[in-house]
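The structure appears below as structure tokens.
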Amino acid sequence: GDGVNDAPALKAANIGVAMGINGTDVTKEVAQMVLADDNFATIISAVREGRRVWDNLRKILVFNLPVNLAQGLTVFFSMAIEDLGAVPLTAIQVLYVNMITSVTMGLMLAAEPPEPMVMNKPPRIPNKRLLGKLVMWRCLFVSTIMIVGIIGVFVWNKSWPETYDLQQRRGEAFSALIFMEVGYSFNCRFLKSSSISPRILFGNMWAWVSVAVVTGLQILVLYCPGLNTRVFNVKGMDGYQWIRVLLMMLAVFLIVEFLKAFVDPILFVHFKRTLKKSGKAIRRGLSARKKNDKKPKKDSSGQDPSGDSQC
């Protein structure tokens with residue numbers, strides 16, 4: 001709307017749209033959206049951008065929550081397991097991941113362009129939560145994989161292929177977390193569709209910039225004298241350790257892609273069917289209760305206590 005007489009309708013609408021050039025000040029104040037160029041085609045661009053922002057917020061949550069949960073639970077389980085003898089991740093390493101790696105990869109996901117089929121999706125429910133079923137399920141599953149990988153390589157380095165000291169073992173566990181995070185960030189670029197496509201190579205130049213920055217900093221942490229042993233309590237890795245770390249990064253990427261392709265559709269379709277059946281059962285129970293409440297109640301003699309006795 002653009003006139004004063006359109007103000008009540010704009011205020012009552014779910015999304016009121018006012019004209020920015022020809023619209024009055026009253027309509028601009030009550031509207032939720034103002035078209036600066038008075039072009040209706042701008043609404044399509046605004047919807048696309050809004051959906052991109054929403055999807056990117058969910059991608060950042062899907063990425064950051066499993067990483068943070070894996071760090072905390074790795075320290076917890078390593079302290080609970082007596083045979084480990086030491087904690088795989090130190091406090092400075094956890095702080096480094098939170099301040100450097102997670103922020104760098106999260107900014108990359110924030111700059112992700114909209115997915116190709118974003119405008120074919122149905123409208124989002126207004127009260128839909130960011131922490132939905134997909135976010136929580138992905139968080140639990142991926143964090144479990146990361147915990148098993150970090151503690152696994154830390155234990156593996158005790159004996160095979162040779163005995164490593166504590167700083168070398170921590171260096172591999174630390175690098176395993178970093179590069180599993182890098183591999184998982186490419187899964188998060190597409191929430192439900194497959195990341196195994198040519199699209200992953202293009203569309204977001206910041207993805208490769210972030211990978212280069214994280215990799216360069218990790219090499220610096222591992223091999224810079226003084227910085228590695230004194231600050232981060234790690235040592236440089238040999239060839240066997242690098243192969244294991246890169247294979248773990250690839251394994252996380254492929255497992256999550258398998259999850260998106262085969263497990264998620266079956267799991268969430270079954271969940272929706274169960275939720276739909278339970279909703280119908282609840283509605284039937286409520287309707288039956290209403291019908292029973294409307295029926296006149298009778299006492300022990302079979303007469304209606306609320307009505308007058310008939311002769």
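Things to note:
- Of the criteria (1) within 28 Å of the chain's Cα centre (by Cα); (2) more than 30 Å from Ala176 (Cα to Cα), which one Thr42 fails: (1)
- When segment 101-139 is filtered for residues that are open to solvent by 40 Å² or more (accessible area, probe 1.4 Å), in contact (Cβ under 8 Å) with a residue 12 or more places away in the chain and not in a loop (DSSP other than H, G, I, E, B), the ones remaining, listed by number, are Leu107, Ala110, Met119, Lys133, Trp137.
A quick yes/no check of all residues on (1) modelled with pLDDT of 95 or more; (2) surrounded by fewer than 16 Cβ atoms within 10 Å (Cβ to Cβ); (3) not aliphatic (A, V, I, L, M); (4) not in a helix (DSSP H, G or I):
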position	(1), (2), (3), (4)
Phe190	no, no, yes, yes
Ser194	no, yes, yes, yes
Val211	yes, no, no, no
Leu246	yes, yes, no, no
Ala251	yes, yes, no, no
His270	no, yes, yes, no
Thr274	no, yes, yes, no
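- Selection status of Trp156, of a type outside the set (Ser, Thr, Tyr), at pLDDT below 95 and under 26 Å from Leu73 (Cα atoms): yes
- Residue in segment 10-20 that is touching a helix residue (DSSP H, G or I) at 6+ places or on another chain (Cβ under 8 Å) and closer than 30 Å to Val135 by Cβ present: no
- Taken over segment 62-99, the criterion of being open to solvent by 70 Å² or more (accessible area, probe 1.4 Å), closer than 16 Å to Leu166 by Cα and in a helix (DSSP H, G or I) is satisfied by Met79, Glu82, Asp83, Ala91.
- Residues satisfying the stated conditions in segment 9-38, i.e. among the small types (Gly, Ala, Ser), open to solvent by 30 Å² or more (accessible area, probe 1.4 Å) and either touching a residue at least 12 places away in the same chain (Cβ under 8 Å) or assigned to a loop (DSSP other than H, G, I, E, B) (or both): Ala13, Ala36
- Here Ile200 fulfils each of the conditions (1) farther than 25 Å from Val75 by Cα; (2) surrounded by fewer than 14 Cβ atoms within 10 Å (Cβ to Cβ); (3) hydrophobic (A, V, I, L, M, F, W, C) apart from (2).
The values are calculated or read from the model by the stated rules, or taken from the named source; none is laboratory data. Keep in mind that this is a model prediction, so the values were computed, not measured. Using ideal geometry, Cβ is built from the backbone for each residue, glycine included, and neighbour counts are taken over all protein chains shown. All accessible areas refer to the heavy atoms of the entire protein, side chains included, with ligands and DNA or RNA removed. Shrake-Rupley method; radii C 1.70, N 1.55, O 1.52, S 1.80 Å.
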